[in-house]
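Here is the structure we will look at.
The values are calculated or read from the model by the stated rules, or taken from the named source; none is laboratory data. Just so you know, these numbers come straight off a predicted model, no measurement behind them. Methodologically, a virtual Cβ is constructed for each residue, glycine included, from the backbone with ideal geometry; neighbour enumeration extends over all protein chains shown.
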Amino acid sequence: KILILDFGSQYTQLIARRIRETNVYCELHPYDVTPQFIKDFSPIGIILSGGPASAFIEDTPRAPQIVFELGIPVLGICYGMQVMAAQLGGKVEGAKKREFGYAELYRQDCKLFGEMSDRISVEGQAVLDVWMSHGDSVVGLPAGFKVIASNAATPIAAMADEARQFYGLQFHPEVTHTLQGKVIIEHFVHDICAAGYDWNMPDYVEESISRIQAKVGKDKVILGLSGGVDSSVAAVLIHRAIGDQLTCVFVDNGLLRQQEAEQVMEVFANHLHVKVIHIDASKQFLQYLQGVTDPEQKRRIIGREFVEIFQQESAKITDAKWLAQGTIYPDVIESASSKTQKAHMIKSHHNVGGLPDTLHLKLLEPLRELFKDEVRELGLVLGLPHDMVFRHPFPGPGLGVRILGEVKQEYAELLRQADAIFIEELKASGWYERTSQAFAVFLPIKSVGVMGDGRSYEYVIALRAIQTQDFMTAHWAELPYTLLGKVSNRIINEVRGINRVVYDISGKPPATIEWE
Ligand code: XMP
């Protein structure tokens, strides 16, 4: 397996995904792990990620020196290359010319690049189109290194000590803008580190099932099923491993999308024969939300009620020893890096599924190693329906944060209908897959309209559709006018109580994705 040491670049997770795409297992850990940790991990190769610091300033992060003493290949990317240069006796400087975006590099022959090129220059040199994002540069090679790619702005754009198998790239092979990036990473892991092709989903399913069986034995397991991708995939995987020792608890808080509870029960209980306890607590939730208008207070109430009900139900399964959760790899990495404050990202929302440890159950998290796309692949391998596996994310508080101000049953009904029409039309037009999240929002204000010969005075629905990689920043989706027109028409005609539809054209930042 490959070890990636994270210096805090926004692209570090992409490095891990690219490696796994070449069927090699890798893990991502903070740069300051102990030498003993690295020895115990016994990597066949190490990658040093990019990061926001400057390697020519003292006291900025360094790789543990043991990285260069194990006799295994090392690849430094961006800051990782600068750190490698600085630690092995080279020189790094704040560059006079900064480079952001596309760059053309002339490459030399070496094991990392092989024969590759995007084109041949008029002088007959092999050219690579790469993605750069750096202010500092390596200006002096460490002993034993040679330049393997360069251009006018960055004379040492890539370097190698082929005897020791140390490589440094100033550009980012992990982003798709670097056209040959995938091939460079393949060369590193397969040709230079000699990794096998042993990370694949069907094998993973078998291994994972054996691991769950060995861990759980004859014990009983409880899982809070939300209908979202992660908890659904975790449920099917665990069910494959231990069958009826698993009980899922599905809480309907009255703030779900149209037909959601029915669909979850249909897929899990009827189709996959998973034991699911379906609790309809919608009255209870609505009661507690009565008169509450503050978004954060609504979140707290919904979260607290969920925990309360989940605890009551799981207490009834007296001999349960395990609590299963659909925690995935990005959740694990995020909490690790926010602890050490390395990632400059702050995630303010947590799933309502975060349960307290007063349940005295051991945690079972079978998806902890997987990225979202791997979880989806696993879901398909396990036979979950395509629609469920490729669903947009849905917040824990559900429609509770999409009905502005006080939540009422009547509002939830109107919103559910409008939202269902919007999603149906997105799917029919092929736009559902081209947006990252899309939904309707209920505005509890009335405006005047004219319907037939009469005057109407009814509520407003806002439509929101966004495109994003990470949900930290997002663009509003440029949906075709004809599509928006059709959705608006249908909502106003079919949903009694709505006479106006608006489209939200705010980006994040400054607006958030949800309206509350
Ligand atoms: P915002 O609105 O902050 O949302 O731009 C970013 C992503 O997080 C989701 N979200 C939540 N998820 N509990 C959740 O589990 C919440 O309270 C919550 N609030 C927002 C939102 O749907 C989007 O995907």
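Table for the structure above
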read-out: Complete set of residues in the range 387-406 that are outside any helix (DSSP H, G or I) and either more than 9 Å from the ligand (Cβ to nearest atom) or crowded, with 17+ Cβ neighbours inside 10 Å (or both); value: 390, 391, 392, 394, 395, 396, 397, 402, 403, 404, 405, 406
read-out: The range 139-179, residues that are closer than 17 Å to residue 116 by Cα, without any contact (Cβ under 8 Å) to a residue 40 or more places away in the chain and either outside any strand (DSSP E or B) or of a type in the set (Gly, Ala, Ser) (or both); value: 176
read-out: The listed residue being surrounded by fewer than 22 Cβ atoms within 10 Å (Cβ to Cβ) and at pLDDT 95 or above, out of 210, 232; value: 210
read-out: Residue 283 vs. criteria of a type in the set (Lys, Arg), closer than 18 Å to residue 399 by Cβ and assigned to a helix (DSSP H, G or I); value: yes
read-out: Output for the range 201-234, where each listed residue is assigned to a loop (DSSP other than H, G, I, E, B) and either basic (Lys, Arg) or in the same structural domain as residue 166 (by TED's automatic domain parsing) (or both); value: 218
read-out: Candidate set from the range 491-516 (those that are under 24 Å from residue 408 (Cβ atoms) and within 15 Å of the ligand (Cβ to nearest atom)); member that is surrounded by the fewest Cβ atoms within 10 Å (Cβ to Cβ); value: 512
read-out: Neighbours by Cβ (under 8 Å, 6+ apart or cross-chain): first from the range 306-326, without any contact (Cβ under 8 Å) to a residue 60 or more places away in the chain; second surrounded by fewer than 14 Cβ atoms within 10 Å (Cβ to Cβ) and part of a helix (DSSP H, G or I); value: 311/358
read-out: Residue ID - surrounded by the most Cβ atoms within 10 Å (Cβ to Cβ), chosen from residues in the range 251-303 that are closer than 18 Å to residue 234 by Cα and out of contact with any strand residue (DSSP E or B) (no Cβ under 8 Å at 6 or more places or on another chain); value: 267
read-out: Selection within the range 385-414 - over 26 Å from the mean Cα position of the chain (by Cα) and closer than 28 Å to residue 271 by Cβ; value: 412, 413
read-out: Pairs where the first residue, in the range 472-488, is assigned by TED's automatic domain parsing to the domain that holds residue 431 and the second is in a loop (DSSP other than H, G, I, E, B) and of a type in the set (A, V, I, L, M), C-beta under 6 Å, 6+ apart; value: 472/345; 474/513; 476/505
read-out: Failed criterion for residue 419 (all others in (1) in contact (Cβ under 8 Å) with a residue 24 or more places away in the chain; (2) surrounded by fewer than 20 Cβ atoms within 10 Å (Cβ to Cβ) hold); value: (2)
read-out: Those strands (runs of 3 or more DSSP E) lying entirely in the range 1-114 with at least 3 residues crowded, with 23+ Cβ neighbours inside 10 Å and under 25 Å from the mean Cα position of the chain (by Cα); value: 2-6, 45-48, 74-77
read-out: Among residues of the range 184-243, those that are of a type outside the set (Asp, Glu) and within 30 Å of residue 74 (Cβ to Cβ), counted; value: 16
read-out: Residue ID - farthest from residue 395 (Cα to Cα), chosen from residues in the range 417-448 that are in a strand (DSSP E or B) and within 16 Å of the ligand (Cβ to nearest atom); value: 442
read-out: Unique match (being charged (D, E, K, R) and in a helix (DSSP H, G or I)) among 490, 500, 496; value: 490
read-out: Check on residue 383, at pLDDT below 95, in the same structural domain as residue 209 (by TED's automatic domain parsing) and within 11 Å of the ligand (Cβ to nearest atom); value: no
read-out: Among residues of the range 456-487, those that are assigned to a loop (DSSP other than H, G, I, E, B), within 16 Å of the ligand (Cβ to nearest atom) and over 20 Å from residue 295 (Cβ atoms), counted; value: 5
